[in-house]
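Just below is one structure, and these are the notes that go with it.
The values are calculated or read from the model by the stated rules, or taken from the named source; none is laboratory data. Note that the structure is a prediction, hence the values are computed from the model and not measured. Heads up, the Cβs are rebuilt from the backbone with ideal geometry, glycines too, and the neighbour counts pull from every protein chain shown.
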Amino acid sequence: MSQSSDAPSPSDTRLAKQALREQVRLAKRGISTDSKTAQSREVCHRVADSEIWKRSCQVLIYTHLPSEVDINLLLTNALLEKKTVALPQYDSKTQRYALGIIQDVDELVSGAFGVNEPAMSCAKIQPNQLDLAIVPGVAFDVLGRRLGRGGGHYDRLLQSLTATMCGVCFREQVLPQVAEESHDIRMDLVATPDEWLVGDPY
């Protein structure tokens, strides 16, 4: 089927995404360290208080970059609550993520992109075994659309998941509309410091 003349071309969408990444990057420059800490704490409390978190036994978490919500509180809570805790583990040979299970933060090592990930010796879990995935992003909108960093690695991981997907972000990362391509995965839930932007976790 030919593409509608009103629909943006793939190249137009990619350019729009890049412009949005730059817009958010500039907005996040204005977030103080204290604000990042406070916003991260509010996001973590919002997720931890939700029914979806409480009833999830196998959870996917991430270790944050400086520009992302710090969810170490959720990681600590998940370990204390004896949940099965998985984190992305990048394989540079396949250029894909596996999911490594940790039982202690001491099992995290420096990974390919400068973030901590499970050591190669950690047990693995299959994507379809997860109940809940906590997902970072550059930006989100009210329809659950997520803007990634542009490499596509995390998108491929998300495509393999059957879990409830919960995006987390600073309030400066909420946009009126995120450009979307056919391979992009929408979030079931999005937690901000102020509200559940998307979905009902109760």
Total residues in segment 43-58, condition outside any helix (DSSP H, G or I) and over 23 Å from Leu157 (Cα atoms): 2
Residue within segment 128-144 that is at pLDDT below 95 and farther than 23 Å from Ala27 by Cα present: no
Selected residue (only one of Arg171, Arg96 is touching a Pro at 6+ places or on another chain (Cβ under 6 Å), basic (Lys, Arg) and in contact (Cβ under 8 Å) with a residue 60 or more places away in the chain): Arg171
Leading residue by the ranking (farthest from Ser40 (Cα to Cα)) among those in segment 145-155 that are at pLDDT below 95 and in contact with a Gly (Cβ under 8 Å, 6 or more places away or on another chain): Asp155
Segment 24-58 - residue that is farther than 15 Å from Pro201 by Cβ and among the small types (Gly, Ala, Ser) and, of those, surrounded by the most Cβ atoms within 10 Å (Cβ to Cβ): Ser40
Matching residues, segment 59-75, being surrounded by 15 or more Cβ atoms within 10 Å (Cβ to Cβ) and either over 16 Å from the mean Cα position of the chain (by Cα) or part of a helix (DSSP H, G or I) (or both): Leu73, Leu74, Leu75
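Hand me the list of strands (runs of 3 or more DSSP E) wholly inside segment 125-202 holding 2 or more residues that are of a type in the set (A, V, I, L, M) and in contact with an Asp or Glu (Cβ under 9 Å, 6 or more places away or on another chain).
On the way: elements: 132-135, 164-168, 189-191, 196-198.
Because the criterion is at least 2 residues that are of a type in the set (A, V, I, L, M) and in contact with an Asp or Glu (Cβ under 9 Å, 6 or more places away or on another chain), the strands (runs of 3 or more DSSP E) in segment 125-202 that meet it are 164-168, 189-191, 196-198.
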Segment 77-98 - residue that is surrounded by 15 or more Cβ atoms within 10 Å (Cβ to Cβ) and among the polar types (S, T, N, Q) and, of those, farthest from Ala163 (Cα to Cα): Asn77
From the options Ala19, Ala27, Ala112, residue that is hydrophobic (A, V, I, L, M, F, W, C) and part of a loop (DSSP other than H, G, I, E, B): Ala112
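Which one of Ile52, Ile61 is touching an Asp or Glu at 6+ places or on another chain (Cβ under 9 Å), aliphatic (A, V, I, L, M) and in contact (Cβ under 8 Å) with a residue 24 or more places away in the chain?
Values: Ile61 fails: touching an Asp or Glu at 6+ places or on another chain (Cβ under 9 Å).
Result: Ile52 is the single residue among Ile52, Ile61 that is touching an Asp or Glu at 6+ places or on another chain (Cβ under 9 Å), aliphatic (A, V, I, L, M) and in contact (Cβ under 8 Å) with a residue 24 or more places away in the chain.
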Residues (free of Cβ contacts under 8 Å to residues at least 24 places away in the same chain and surrounded by 14 or more Cβ atoms within 10 Å (Cβ to Cβ)) located in segment 114-146: Ala119
